[in-house]
Every structure is written in C-alpha cells, then in structure tokens.
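The values are calculated or read from the model by the stated rules, or taken from the named source; none is laboratory data. All values reported here derive from a predicted model rather than from experimental measurement. Here Cβ is always computed from backbone atoms with ideal geometry, including for glycine, and neighbour counts include all displayed protein chains. All accessible areas refer to the heavy atoms of the entire protein, side chains included, with ligands and DNA or RNA removed. Shrake-Rupley method; radii C 1.70, N 1.55, O 1.52, S 1.80 Å.
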Amino acid sequence: MTAMKPAPTRTRPDLSYLLDHTSHVLRTRMAAALAEIGLTARMHCVLVHALEEERTQNQLAEIGDMDKTTMVVTVDALEKAGLAERRPSSTDRRARIIAVTEEGAKVAARSQKIVDGVHEEALAAFSPGDQEVFLRLMTHLAEGHLSTPPPGPTPARRARQRA
C-alpha cells in the first residue's frame with residue numbers, strides 16, 4: 001500500500017471549478033425559467049438567431065454548438081410547436097433555412113426577456129460597478145486568452161458559442 005502523501009498546496013483559487021460550477025447553476029436556472037414557457041435553451045437560441053437573418057439549419061447548429069442530430073430534434077420540436085418551419089433559402093435553392101413563424105417570433109421575444117432576467121438575477125450579486133468590471137473581464141477572457149482551446153489529442157467538449 002502506498003503511503004499517503006500530503007496534497008500539493010493550492011496557490012491559486014480553482015478557476016476551473018469556479019467557472020464550471022457557476023456555469024452549471026446558471027444553465028440549470030435558465031432551463032427551469034425557459035421550461036415555464038415550454039422552451040429549452042437550444043430552442044430559444046435557434047429562434048433568436050433564425051430571426052436575426054436567414055440562416056440554414058447547419059449555420060444555426062454552429063451558432064448553438066449543436067451536433068446535427070441535436071439540431072434536427074430541436075427544429076422538429078419547434079415545428080411541432082408551430083414556432084418555426086424549414087423552408088427553401090431565398091439565395092440558394094439547394095439550401096433550406098429555418099423560418100420563425102409569427103407565433104415563434106412572439107415566443108422568442110418572451111424567451112429573450114426570460115433569458116435577460118436570469119442574467120440580471122445572476123449579476124445582481126454584484127454592485128453595478130462590479131457588474132461592469134465582471135462582464136468586461138469575462139468578455140476579455142472569452143474573446144482573448146480563452147477564446148479557443150489548444151489542439152490536443154483528446155479535445156474536451158466544445159463550449160457553447162455566444163448566443
């Protein structure tokens with residue numbers, strides 16, 4: 001049996017844990033809030049980004065960091081709910097876009113208010129000045145030093161893209 005040795009002394013806070021834990025709690029709160037109107041975060045993402053401009057299912061999958069199967073299931077659910085539909089692209093006859101219905105646009109506006117509210121609630125833990133600093137620093141990490149993972153033999157699951 002190997003003798004127990006003392007664990008190395010941590011010299012910095014566990015940033016991985018802090019980011020992972022808070023992200024998990026935020027996603028869980030978001031899922032619960034959106035479930036109240038019958039949406040998932042993925043459905044919200046597709047609706048909002050499909051409203052911004054004409055986008056194909058593949059483009060929306062890339063924005064929402066969804067694999068093809070997950071994207072098909074998400075769009076199927078949106079179609080079944082009458083919130084979106086697949087249509088031919090106006091610019092490429094080979095491509096199909098996801099078009100948001102009138103009802104889908106109303107639901108997207110409602111879900112965006114919910115998403116904004118969940119974010120505001122999370123940020124309410126900080127003073128207004130600290131909120132600005134926190135968001136600036138997180139944006140700096142996300143768009144700078146931690147914007148892309150290094151190449152590796154076993155890549156970790158890719159993070160969701162900004163929605």
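What order do you get for 42-52, 18-28 when each peptide is scored by the mean count of other beta carbon atoms within 10 Å, highest first?
42-52, 18-28
For ILE97, what residues show an amide H to amide H distance below 5 Å, using hydrogens built from the backbone and excluding near sequence neighbours?
The list, which skips near neighbours in sequence, is ARG87, SER89.
Quick one: pull the percent of accessible area on the range 27-102 belonging to carbon and sulfur, 1.4 Å probe, ligands and nucleic acids left out.
49 percent
With the chain treated as a Gaussian network of Cα nodes joined by springs under 10 Å, which of ALA33, ALA124, ALA109 yields the largest mean-square fluctuation?
Among ALA33, ALA124, ALA109, the largest mean-square fluctuation in the Gaussian network model of the chain belongs to ALA124.
Would you list the membrane-span-like helices of the chain, meaning whole DSSP H runs whose alpha-carbon atoms span at least 20 Å along their axis and whose mean Kyte-Doolittle value is at least -1.0?
In the chain, the long hydrophobic H runs are 15-35, 102-123, 128-143.
How would you rank 58-68, 110-120, highest first, on the average number of other Cβ atoms within 10 Å across their residues?
Top to bottom by mean Cβ count within 10 Å: 58-68, 110-120.
Would you work out which of ALA7, ALA125, THR74 lies farthest towards the positive end of the dipole of the chain, given +1 charges on the beta-carbon of Lys and Arg and -1 on that of Asp and Glu, about the Cα centre?
The residue sitting most towards the positive pole is ALA7.
In whole Å, what are the extents of the range 70-114 along the principal axes defined by its C-alpha atoms, from largest to smallest?
That gives 35, 21, 15 Å along the principal axes, largest extent first.
Please work out the average accessible area per residue across the chain, using the 1.4 Å probe convention, and give it in Å².
Accessible area per residue, the chain: 75 Å².
Rg and Dmax of the chain over Cα atoms: what are they, in angstrom?
19.7, 70
Leaving ligands, DNA and RNA out of it, rank GLU54, GLU132 by accessible area with a 1.4 Å probe, largest first.
The ranking, largest first, comes out as GLU132, GLU54.
Just from its helices, what would the mean residue ellipticity at 222 nm be for the chain, if runs of 4 or more DSSP H residues each count -39500 (n - 2.57) and the sum is divided by every residue, rounded to the nearest 500 deg cm²/dmol?
-18500 deg cm²/dmol
Quote the FRET efficiency, to the nearest 0.05, computed for GLU103 versus PHE126 with a Förster distance R0 of 35 Å and r equal to the Cβ-Cβ distance.
Approximately 0.45, to the nearest 0.05.
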